[in-house]
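Novice: Below is the structure I would like to discuss, written out as structure tokens.
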Number of protein chains: 2
Amino acid sequence: MAMMLAGINRRDMGKMVEVAATRRSQPERREEMRRRLVAATLDALADHGHAGASLSVILDKAGVSRGAWAHHFDTKAEMLALAAEGLLREAVASAGTLSPPALSPSDGPAALGALLEQAWARFYEGRHRDLLFEVALAARTDAELKQRLAPIFSDFITAVGQSWGLALHPRPGAGVAVADLMVLTVYMLRGMAMQELAAGPSPDHARLRALWAGLLAAQVTF
Amino acid sequence: MAMMLAGINRRDMGKMVEVAATRRSQPERREEMRRRLVAATLDALADHGHAGASLSVILDKAGVSRGAWAHHFDTKAEMLALAAEGLLREAVASAGTLSPPALSPSDGPAALGALLEQAWARFYEGRHRDLLFEVALAARTDAELKQRLAPIFSDFITAVGQSWGLALHPRPGAGVAVADLMVLTVYMLRGMAMQELAAGPSPDHARLRALWAGLLAAQVTF
DNA sequence: GTAAAAACAAACCAATCGGTCTGTTTTATA
DNA sequence: TATAAAACAGACCGATTGGTTTGTTTTTAC
């Protein structure tokens, strides 16, 4: 008995005081374990891509044994789907909270530029960008995954069009719907993100985003 | 001797006339075999994605034995890199040939719309789109591949900006470089392509492209 | 025609894949 | 405290991975 007093469960080793292992309820254990596994799945995806994110890599990152994993998930595909869904749902929710910073209403281009930079940093740079692309591509050749993710990708575009559109108004005379412009904007950011993903970051891109903000400012106002 | 008279090498089986196997020079053989293998690599990538494009799948598609393959390529990675390079170089070359259809110079929006549709159909629909994304993502987590592909991705953007820009002129008063607008345009198309890849085709997208063409028409002329 | 080289086929290989099985430890129930 | 169930660990499994080896066929050079 008490064979597992190693590492975490033994504290204050200097004083040689044994502290009982943290007692956690089974729902707590289950939830935390699944959370760890899903997080490790995304980490592996970000670090090694879909092709390189093997179950062994994921379990190593999570620090979870194969047996424990099997107790919580039936297949790797199921775990991946859950991880991807979580990632995308968070993005949808987050799209609604991106607000054009509080600037004087007359300061159109700058405020639009700030909105673009916010969206860029939140979705189309670094880890989130990588995961977004990995997950989208993984779904392409996996019917089951595609079925689960496709509606969330649609929701994201809808959310962008609607919530960003609420903060902006069409300039009188401009015959374009604000929601459409916002959708075009995220498409442009995405394409720019793919360029950076493939060819590395470009100093030109910040300038191009500002240029686009200027064009937008001719169409919308706050 | 003559153990391999099966299939291809025996013709006119009804008449039982033996026809000598087509004699091909070794450079011919080598070139055609490598071509077949590279083509099959892209096919596998398009059909099964990077994660699913195993060597076995590729060789099945090519109808080539493992031994024959080994005679022409050292590693799968090398073959994949060659296939990806070919794909992207063709795209760069093709970007230069996309011409705004011959329309009356006054017909700005329609001609720009036609250019967008040409680019959309050529690069961002169907197999080419899928391959483009697969290859870009594969490069992300493969340093060797990235090093070989990154400059070609950059070349593509440069080619779009320059060659498309040549056919167009900035409208007097518009303070935007035509090349920049063209780059923004391909970024937008790419982002739209990714949406279709992940969420399926959308009838809205043709309308959004036309809307974009309208915005462009306010900035450039022929 | 003959010998060497190139092209090709298929058996073979260690390593890894996703997944399962058996047994131990921890929590819940009574 | 006793018993069952849930959580967990690690050995194990057949299938598949990228790659190699051995041997045969075709082309080339003499």
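The values are calculated or read from the model by the stated rules, or taken from the named source; none is laboratory data. Just so we're clear, the structure is a prediction, and the values are computed from it rather than from any experiment. When we count neighbours, we look across all protein chains shown, and the Cβ atoms used for this are built from the backbone with ideal geometry, even at glycine. Areas reflect the complete protein model, heavy atoms only, side chains present, ligands, DNA and RNA absent. Shrake-Rupley method; radii C 1.70, N 1.55, O 1.52, S 1.80 Å.
Novice: Place a +1 charge on the Cβ of each Lys and Arg in the protein assembly as shown and a -1 charge on the Cβ of each Asp and Glu, then give the dipole magnitude about the Cα centre in debye, rounded to the nearest 20. Could you put the intermediate results ahead of the total?
Specialist: Working: 48 positive and 46 negative charges, 146 e Å.
The dipole magnitude comes to about 700 debye.
Novice: How do the peptides A:46-57, B:161-172 rank, highest first, by the average count of neighbouring beta carbon atoms within 10 Å per residue? Walk me through the intermediate numbers first.
Specialist: Values: A:46-57: 17.4, B:161-172: 15.9.
The most tightly packed comes first, giving A:46-57, B:161-172.
Novice: Something else about it: At residue A:31, label 7 Å along Cα→Cβ: distances to the other copies, nm, ascending?
Specialist: Spacings between copies for this position, smallest first, are 6.7 nm.
Novice: So, one more: With the Cα gyration tensor of the stretch B:77-221 in hand, give its eigenvalues times 5 under a square root as the equivalent ellipsoid semi-axes, listed largest first in whole angstrom. Walk me through the numbers on the way to the answer.
Specialist: Numbers: eigenvalues 165, 60, 31 Å².
That gives 29, 17, 12 Å for the three semi-axes.
Novice: If you don't mind, there's one more thing I want to ask. List the aspartates and glutamates whose alpha-carbon lies under 16 Å from that of residue B:61, not counting same-chain residues fewer than 8 positions away?
Specialist: Candidates past the 8-residue exclusion: B:32, B:43, B:47.
Novice: Report, to the nearest 10°, how far helix B:76-97 tilts away from the longest principal axis of the Cα atoms in chain B, using its own Cα long axis and a range of 0 to 90°.
Specialist: 40
Novice: A further question follows. Rounded to the nearest 10 degrees, what's the angle between the helix A:108-123 long axis and the longest principal axis of chain A, both from Cα atoms, 0 to 90?
Specialist: Computed tilt is about 20 degrees.
Novice: Excluding same-chain residues fewer than 8 positions from residue B:146, which aspartates and glutamates have a Cα within less than 12 Å of its Cα?
Specialist: Cross-link targets: A:196, B:85.
Novice: A further question follows. Excluding residue B:194 itself, calculate the net charge of residues whose Cβ lies under 13 Å from the Cβ of residue B:194, where each Lys or Arg counts +1 and each Asp or Glu counts -1. Could you put the intermediate results ahead of the total?
Specialist: Working: positive: A:129, A:140, A:190, B:129, B:190; negative: A:134, B:125, B:130, B:134, B:196.
That sum, taken over residues with Cβ under 13 Å, equals 0.
Novice: Averaged over B:129-139, how many beta carbons belonging to a partner chain fall within 10 Å of each residue's beta carbon? Let's see the in-between values first.
Specialist: Details: counts 1, 3, 0, 2, 7, 4, 1, 7, 12, 5, 4.
The per-residue average across the peptide is 4.
Novice: So what's the back-of-envelope 222 nm ellipticity for chain B, counting only DSSP H runs of four-plus at -39500 (n - 2.57) apiece and dividing by all residues, rounded to 500?
Specialist: Details: 9 runs with 148 residues, N = 222.
Estimated from H runs of four or more residues: -22000 deg cm²/dmol.
Novice: Sorted from shortest, what are the nm distances separating the label point of residue B:200 from equivalent points in the other copies, each placed 7 Å from Cα along Cα to C-beta?
Specialist: Here the equivalent label points are 4.1 nm apart from this one.
Novice: Measuring with a 1.4 Å probe in the full set of protein chains, what accessible area per residue, in whole Å², belongs to chain A? If you can, show how the numbers build up before the last one.
Specialist: Working: 10870 Å² over 222 residues.
Counting only protein heavy atoms, the per-residue value for chain A is 49 Å².
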